1. I'd like to know if the stretch 11-18 contains one or more residues that are closer than 21 Å to Y282 by Cα, part of a helix (DSSP H, G or I) and either touching a helix residue (DSSP H, G or I) at 6+ places or on another chain (Cβ under 6 Å) or at pLDDT below 95 (or both).
2. I'd like to check something: does the stretch 48-60 contain any residue that is assigned to a helix (DSSP H, G or I), surrounded by fewer than 19 Cβ atoms within 10 Å (Cβ to Cβ) and of a type in the set (D, E, K, R)?
3. Can you tell me which condition L65 does not meet? The list is (1) among the aliphatic types (A, V, I, L, M); (2) touching a Phe, Trp or Tyr at 6+ places or on another chain (Cβ under 6 Å); (3) closer than 30 Å to G297 by Cα, and all the others hold.
4. Could you list, in sequence order, the residues of the stretch 168-194 that are more than 18 Å from S12 (Cβ to Cβ), touching a strand residue (DSSP E or B) at 6+ places or on another chain (Cβ under 9 Å) and acidic (D, E)?
5. Cβ contacts < 7 Å: first residue surrounded by 13 or more Cβ atoms within 10 Å (Cβ to Cβ), restricted to the stretch 313-324; second residue among the acidic types (D, E) and part of a loop (DSSP other than H, G, I, E, B), any location; separation 6+ or different chain. Result?
6. Are any residues in the stretch 227-268 touching a Leu at 6+ places or on another chain (Cβ under 7 Å) and either hydrophobic (A, V, I, L, M, F, W, C) or within 17 Å of S20 (Cα to Cα) (or both), and if so, which ones?
7. Which condition number in (1) more than 30 Å from L195 (Cβ to Cβ); (2) touching a residue at least 12 places away in the same chain (Cβ under 8 Å); (3) in contact with a strand residue (DSSP E or B) (Cβ under 8 Å, 6 or more places away or on another chain) is the one that N76 fails?
8. Considering only residues that are more than 15 Å from W311 (Cα to Cα) and part of a loop (DSSP other than H, G, I, E, B), which ones fall in the stretch 222-248?
Amino acid sequence: MSVSWSSPVLASLKPVIEGSSLVRINESRLIDVADWMAYEEFAKPDGSMLFDFGNDPDFLMDFTLVVNTMNFAFTNFDTGVKFETDYMGKRWCDSEAMLASLHRAHSAGIPFFTGEYLANLTRKDLEKVFAGTIEMPMLDERVVIFNEVGRVLVEKYKGRYSNFVRDCAPRLYDDGNGLLERLTSEFPRFNDVSLYNGSEVQIFKLAQLGIWGMHLTLSPRKAWALEDADQLTAFADYIVPVGMRVTKIFEYAPELEKQINSLVEVPRNSQAEIELRANSIYAIARLTEEINKRRPGMDPLLQPQVDFRFWKTYHATHWPHHLTKTVMY
């Protein structure tokens, strides 16, 4: 069983999937994509990381959750140009440019992954750490978020995200003591929900991505593992809808197609934005289900693995993605 349709996130999508008028899922195209994607290689987690941050499990917890505290908005909203930086002889783009910047800072001895540092950092600190081809978008918002998170970590968890993780059950859901439950309640920046015709839609992009990142990194090291990883969903962002659109799984109402292709902002919590994100999560879940049907006898794929297949392929594409000013993705 790889898709848990009763998971709180997937269950909360129902009103959007049933009511969508701007974003439509072409079911026959989804089946077509599953027919060929099922025969691709999906690498098993081996603990490898884009950059080497060592093997200390607690530090890797700190690193992963700090990364996902700020893992949003890497495209300039006025020009559509993405944040890039040069490091170790290569130009990195989007969130990979963020990781390159953080590795550069860590190597220079900047204690970026401690609550004390985050609680006191300034805009100038971020400008220095994230020097690149353009100014990283929404720097002011990042400062506010880091200061707030840093204060919570100092006050409650001795300045370390790892202490928070160790205080939670190693599950997303555990009668209120699960990681996802507590991350989204104790740290408001992770409470990624939207209202759609009066119904609360749970997205939880960054919270889930941070937890999945820890599982990917630490479970092969036998250092920590998420016990209910089948409950994870896709991480609804700007990129997955591009992959869905390019593969023709998504069909847009003409006005939304024009809005996205013209780089006109899609406001946060608008009907279009919620439909884009909710349908992304639902489509990845359906694809995961269909792909697994075509891989009998093999380890079932989890939704984040199929999500990553789309993100990795399309995160640097020239096809335009929707622009939404938000700290949630």
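The values are calculated or read from the model by the stated rules, or taken from the named source; none is laboratory data. Values in this document were obtained by computation on a predicted structure and should not be read as measured data. Ideal geometry is used to build each Cβ from the backbone, glycine not excepted, and the neighbour counts take in all protein chains shown.
1. Within the stretch 11-18, one or more residues are closer than 21 Å to Y282 by Cα, part of a helix (DSSP H, G or I) and either touching a helix residue (DSSP H, G or I) at 6+ places or on another chain (Cβ under 6 Å) or at pLDDT below 95 (or both).
2. yes
3. Checking L65 against (1) among the aliphatic types (A, V, I, L, M); (2) touching a Phe, Trp or Tyr at 6+ places or on another chain (Cβ under 6 Å); (3) closer than 30 Å to G297 by Cα, the one that fails is (3).
4. Within the stretch 168-194, just D175 meets the criteria.
5. Going by the 7 Å Cβ cut-off, the qualifying pairs are L323/E265; T324/E265.
6. Matches in the stretch 227-268: A229, L232, F235, P241, I249, Y252, A253, L256, L263, V266.
7. (1)
8. Correct list: K222, A223, W224, A225, L226, E227, D228, L232, K248.
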